[in-house]
Amino acid sequence: MRVIAIAIVAENGVLGDGERQPFEFAEDWARYKRVTLWHPMIMGRATHDAIGRWLPGRTTIVVTRTPERVTLPAAGSSAVGVVAGSVEEALTLASGLDDVVYVAGGGQIYRQAWPWLTELDLTEVHASATGSVVFPAVGEEWVEVRREPRGEFDFVGYERRTQARPVGRG
């Protein structure tokens, strides 16, 4: 199974302030929709709340310790929502849905999912930002496999050099 972290990241690693991300580019949003469509997505409750709605055409698995704070989508909606108590539980749920799963934030969820990630799909912005939520450092276990310059930002893909932890085996 491919487990892919997808994020827009400032050059200083900042993702946002816990409520908003500092950068919004129409091309990035369009690409995000295109690549995640029809695949399950894992995100934390705060990230889900910041988006403000269930994204259609995807199963969103919200990781939270307070499931009562998540209102699931209405029956018949083109969006599907599920709640999980941990990233590992979310990955197990996602593995039964598709062989491609996106991890969509926030910072804690990226860090918790790190051992299982097989790829990174980053929009790397050529500017710093202020905020307390940061993406984990991309270190030696990753190799850049694609870069698509777009002016203010690049779409960058990384693959893990080392083996990711298999899903379902803590």
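The values are calculated or read from the model by the stated rules, or taken from the named source; none is laboratory data. Here the structure is a predicted model, which means the values were calculated and not measured. When we count neighbours, we look across all protein chains shown, and the Cβ atoms used for this are built from the backbone with ideal geometry, even at glycine.
Residues in segment 148-170 that are within 26 Å of residue 26 (Cα to Cα), touching a residue at least 24 places away in the same chain (Cβ under 8 Å) and either part of a strand (DSSP E or B) or under 17 Å from the mean Cα position of the chain (by Cα) (or both): 153, 154, 155, 156, 157, 158, 159.
Would you mention how many residues in segment 89-107 are in a loop (DSSP other than H, G, I, E, B) and either surrounded by fewer than 16 Cβ atoms within 10 Å (Cβ to Cβ) or in contact with a Pro (Cβ under 6 Å, 6 or more places away or on another chain) (or both)?
Final tally of qualifying residues: 4.
Can you find, within segment 1-21, the residue that is nearest to residue 89 (Cα to Cα) among those that are modelled with pLDDT of 95 or more and not in a strand (DSSP E or B)? Among them, the one singled out is 1. Sub-6 Å Cβ pairs linking a first residue in segment 82-107 that is within 23 Å of residue 50 (Cβ to Cβ) and touching a residue at least 60 places away in the same chain (Cβ under 8 Å) to a second residue that is part of a helix (DSSP H, G or I) and small (Gly, Ala, Ser), at least 6 apart or interchain, are 101/94; 103/113; 106/46, ordered by first then second residue.
Contact map, segment 113-139: residues that are among the acidic types (Asp, Glu) paired with residues that are surrounded by fewer than 17 Cβ atoms within 10 Å (Cβ to Cβ) and assigned to a loop (DSSP other than H, G, I, E, B), Cβ distance under 9 Å, separation 6+ or inter-chain. Pairs shown: 124/11. Scanning segment 48-90 for residues that are of a type in the set (D, E, K, R) and closer than 26 Å to residue 166 by Cα yields 58, 65, 88, 89.
Counting only residues that are without any contact (Cβ under 8 Å) to a residue 12 or more places away in the chain and either among the polar types (S, T, N, Q) or surrounded by 17 or more Cβ atoms within 10 Å (Cβ to Cβ) (or both), segment 10-41 holds 0 of them. For segment 114-136, a residue qualifies if it is surrounded by fewer than 17 Cβ atoms within 10 Å (Cβ to Cβ) and either part of a strand (DSSP E or B) or over 15 Å from the mean Cα position of the chain (by Cα) (or both), and the qualifying residues are 126, 127, 128, 130, 132. Residue under question is residue 47, and the condition is that it be closer than 24 Å to residue 27 by Cα, in contact (Cβ under 8 Å) with a residue 60 or more places away in the chain and not in a strand (DSSP E or B); does it hold? In short, yes.
Considering segment 68-88, the residues that are loosely packed, with under 14 Cβ neighbours inside 10 Å and assigned to a helix (DSSP H, G or I) include one that is farthest from the chain's Cα centre (by Cα), namely 68.
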